[in-house]
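Below: one structure, written as structure tokens.
The values are calculated or read from the model by the stated rules, or taken from the named source; none is laboratory data. It should be emphasised that the depicted structure is a prediction, and the values quoted were computed from it without experimental measurement. Reconstructed Cβ throughout: ideal geometry from the backbone, glycine too, with neighbour counts over all protein chains shown. Remember, those area values only see protein heavy atoms, side chains included, never the ligands or the DNA or RNA. Shrake-Rupley method; radii C 1.70, N 1.55, O 1.52, S 1.80 Å.
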Amino acid sequence: MNEKVWSTVDDYFSDALVGSDPVLDMVVRSSAEHGLPAIHVAPTQGKLLNLLVRLHGSQRILEIGTLAGYSAIWLARALGSGGSLVSLEGNSLHARLSRQNIESAGLSGIVEVMVGAAIDSLDRLIEQGTEPFDFVFIDADKENNDIYLGRVLQLLKPGAVIIADNVVRKGGVADRANHDADVEGVRRFIKLLADDERLDSTAIQTVGVKGWDGFSISFYQPQQSDD
């Protein structure tokens, strides 16, 4: 088995179960035209995020890492009436493009793109006492995943779901000789998931058009007070 076969299978499922979407296809084209890296989630993964939001009944989504808005559109489309999504993007050019794409998708009324370093934006949300979130998608620089998680845990409703993308790193996460900054960030993140009693977590490996990688998924349930 190789990446060519993985991609062929991914394309088969995408054609059969996801289909072509003019808006999302436009996002992919605009991303390439503006020189953004092709690191957005695959169509099947976008559909998975959409289904998870719908299954969970989420109404407040936090996304860390907007890029061109591809996953934000998948997520926002799953929200029910009154739902909202806040997406954090550190690159102002990416943020500008994502806002244009989100507007083209007819979702600018429910999606807010915050520009600036994600840690600073998370601190601002905490300081403002923003309404808590019930679904979080972490897909930014992996080196800071553990820091993002620490902030995110201050912004959650009980029963919230946290998904983090790209946690396998082509197997690097389990290679003790690999000390890449992103790999080390994922390891610290996984350790926090394991050590925090409020989180029940697992991680899944994936193969497909994005190669060999995977994601973690966590359920947040704070301990009940004795009062």
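If I filter the stretch 119-141 down to residues being assigned to a helix (DSSP H, G or I) and among the acidic types (Asp, Glu), which single residue comes out as surrounded by the fewest Cβ atoms within 10 Å (Cβ to Cβ)? If we take residues in the stretch 119-141 being assigned to a helix (DSSP H, G or I) and among the acidic types (Asp, Glu), then GLU127 is surrounded by the fewest Cβ atoms within 10 Å (Cβ to Cβ). If the condition is being basic (Lys, Arg) and touching a Gly at 6+ places or on another chain (Cβ under 8 Å), then the stretch 163-180 contributes only LYS170. Within the option set ASN166, ASN178, ASN144, being open to solvent by less than 70 Å² (accessible area, probe 1.4 Å), closer than 20 Å to LYS47 by Cβ, without any contact (Cβ under 8 Å) to a residue 60 or more places away in the chain and of a type in the set (S, T, N, Q) holds for one residue only, ASN166. Out of GLY172, GLY159, GLY150, one residue alone is open to solvent by less than 60 Å² (accessible area, probe 1.4 Å), more than 25 Å from LYS47 (Cβ to Cβ) and within 18 Å of the chain's Cα centre (by Cα). It is GLY150. The residues of the stretch 1-46 that are open to solvent by less than 80 Å² (accessible area, probe 1.4 Å), more than 21 Å from the chain's Cα centre (by Cα) and among the aliphatic types (A, V, I, L, M), listed by number, are VAL5, VAL9, ALA16.
Mind checking whether some residue in the stretch 97-108 is hydrophobic (A, V, I, L, M, F, W, C) and surrounded by fewer than 16 Cβ atoms within 10 Å (Cβ to Cβ)? For the stretch 97-108, residues hydrophobic (A, V, I, L, M, F, W, C) and surrounded by fewer than 16 Cβ atoms within 10 Å (Cβ to Cβ): absent. Scanning the stretch 64-81 finds no residues that are open to solvent by less than 10 Å² (accessible area, probe 1.4 Å), over 12 Å from the mean Cα position of the chain (by Cα) and over 24 Å from ARG29 (Cβ atoms). Residues in the stretch 181-214 that are in contact (Cβ under 8 Å) with a residue 24 or more places away in the chain, open to solvent by 60 Å² or more (accessible area, probe 1.4 Å) and in contact with a Gly (Cβ under 6 Å, 6 or more places away or on another chain): GLN205 only.
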